[in-house]
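Report on one structure; see the data block that follows.
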Amino acid sequence: MSEQLLATYAAKESLLGRNFEEEKPQGRSDFQRDRDRIIHSGAFRRLEYKTQVFVNHEGDLFRTRLTHSIEVAQIGRSIARRLRLNEDLVEAISLAHDLGHTPFGHAGQDALNTCMQEHGGFEHNLQSLRVVDLLEERYAAFEGLNLCFETREGILKHCSLENAKKLGAVGERFILGRSPSLEAQVANLADEIAYNNHDVDDGLRSGLITLEHMSSVRLFAQHLDAVRATYPQLADRRVVHETVRRMINALVTDLVAQTKSNIQRYSPRDIEDIRQAPSLVSFSAEMHELNRELKQFLRTQMYRHYKVMRMSAKAHRIINELFQAFMADPRMLPPQFNPDIESERARSVSDYIAGMTDRYAIGEHRRLFFVGDV
Ligand code: MG
C-alpha cells in the first residue's frame, strides 16, 4: 500500500530511524529492507528446525517456527491491509518475532531461563531483539541487522521492567506504560490467531486431541457444525481444514471490526496518539471469551499431554546439561562463544544454546556426553 493510502495513525517510513545511520534504500521502503534483511539472516533459516509444539523429527507436516512465522505474517498482513496500516512493517515484525526462540519450544526457553537465573535470566522476546541488534554478523559497517526502531519495538513484545531499563529508547514504553504502534499490536494478535489455529490442526493430525474432544470448545463447535451441515459427506481431514479456515476468518473479521470501532472511539490523529492510547487492536468481548476458552483447552489437553510432557522433560535435561557442561569447562565451547572475560561467559553460553536448532542441540548433547561421538 502506498504511503498516501495509509491511515494517518499508521507507522510511516521509519520516523525514528536506525541505530547506525544508513542511506535510504533504493526501490524499496525501509520496512521492506528490514523484512529482506530478516529473511537473509541465519537465525531466520534456523527457524525451520526449531520446535513450535512438535519437535521437528516427529513429522514432516507439523508447524515449525519457520512455517509458524510465515503464517503469522500472512494473517498480520491481511489484518493490516483492512485497517490501512503498514503491511510491510507488520510483515517484518511477524517474520522476526520468534528469532530468539531456543530449541524445543517453551520447554527450552523455561530450561534456559532457569539456568540463567543467577546471570540475568533468559527471555525469548529480548533474545529476538538481541539477535537482530547484535548476534547476526552479516554486515561490514554494523553489528546485527541494524533494523528500524519501529521493527525492533514490535519484536520486543514483552520485557521485564528491569531489562527495559537497560534497553534505551526501545525499552521506554514498558517503563512509561505506553503502547507500541498498531502494526506491532497487529503482529502480536496475528501470532495468537496463528498458533491457536495451527495447534488445533497439528493436534488433530497427531491424534493428541480428537474431533470429539474439540467439540467441547464453542468456537470450534460452531464452525464444525456449520461445515458438517453443509457438507455431510466430507472426509474428516477436510472437515478439520474447513473448520480451522473458518475459525481464522471469524477471528480476523472480529478483530478488524472491533479494532475499527476502538480506533473510532479514540480518534487518534497520528502514531503519537496511538502510543499514548491503550492497546486498540483487540477482539470483541464475546470473541475474546471464545478465544480464551480455546487457549485454555489447548493448554490442558495438548500442551500438557503426556507425550508433549515427555518431550519437554527431555528438552529440559538436554538444555540444562549443555549449559552446566559449558559453564564448568568453557574450553569445550567453539571459540567465538568463549569470551575472554569471565563475567560474560553465561550470556555467551546462553546465546550459543538459544541459537541451536532442535537437532543441533541433540547432536551437541550426544557429542559432549557419549564416548564415540565427537
Ligand atoms: Mg510466535
Point to revise | Filter pass, Lys307 being part of a helix (DSSP H, G or I) and closer than 30 Å to Gly363 by Cα | key: yes
Check your understanding: Just a yes or no: is a residue in region 311-321 in contact with a His (Cβ under 6 Å, 6 or more places away or on another chain), outside the structural domain of Gln185 (by TED's automatic domain parsing), assigned to a helix (DSSP H, G or I) and aliphatic (A, V, I, L, M)?
Key -> yes
Review point. Quick check: anything in region 326-345 crowded, with 17+ Cβ neighbours inside 10 Å, touching a residue at least 40 places away in the same chain (Cβ under 8 Å) and of a type in the set (A, V, I, L, M, F, W, C)?
Key: no
Exercise for review: Filter region 11-51 down to residues that are assigned to a loop (DSSP other than H, G, I, E, B) and charged (D, E, K, R) and give me whichever is nearest to Ala315 (Cα to Cα).
Suggested key: Lys50
Review point. Surrounded by 13 or more Cβ atoms within 10 Å (Cβ to Cβ) and in contact with a His (Cβ under 7 Å, 6 or more places away or on another chain) - does that describe any residue in region 36-48?
Key: no
Practice item. Could you please find all residues in region 225-238 being more than 28 Å from the chain's Cα centre (by Cα) and at pLDDT 95 or above? Key: Asp225, Ala226, Val227, Arg228, Ala229, Thr230, Tyr231, Pro232, Gln233, Leu234, Ala235
Review point. Residues of region 123-161 being acidic (Asp, Glu) and within 12 Å of Gly100 (Cβ to Cβ), which ones?
Key: Glu123, Asp133, Glu136
Exercise for review: Tally the residues that are surrounded by fewer than 21 Cβ atoms within 10 Å (Cβ to Cβ), in contact (Cβ under 8 Å) with a residue 40 or more places away in the chain and either part of a loop (DSSP other than H, G, I, E, B) or within 16 Å of the ligand (Cβ to nearest atom) (or both), restricting the search to region 202-223.
Suggested key: 3
Check your understanding: In region 282-304, how many are under 16 Å from Asn188 (Cα atoms) and assigned to a helix (DSSP H, G or I)?
Key -> 4
Check your understanding: Taking the condition surrounded by 15 or more Cβ atoms within 10 Å (Cβ to Cβ) and touching a residue at least 60 places away in the same chain (Cβ under 8 Å), does Phe323 pass?
Key -> yes
Practice item. Assess whether Ala190 counts as being within 16 Å of the ligand (Cβ to nearest atom) and closer than 19 Å to Gly105 by Cα. Key: yes
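The values are calculated or read from the model by the stated rules, or taken from the named source; none is laboratory data. Quick caveat, the model's predicted, so the values are computed rather than measured. Glycine gets a Cβ as well: all are built from the backbone with ideal geometry, and neighbour counts include every protein chain shown.
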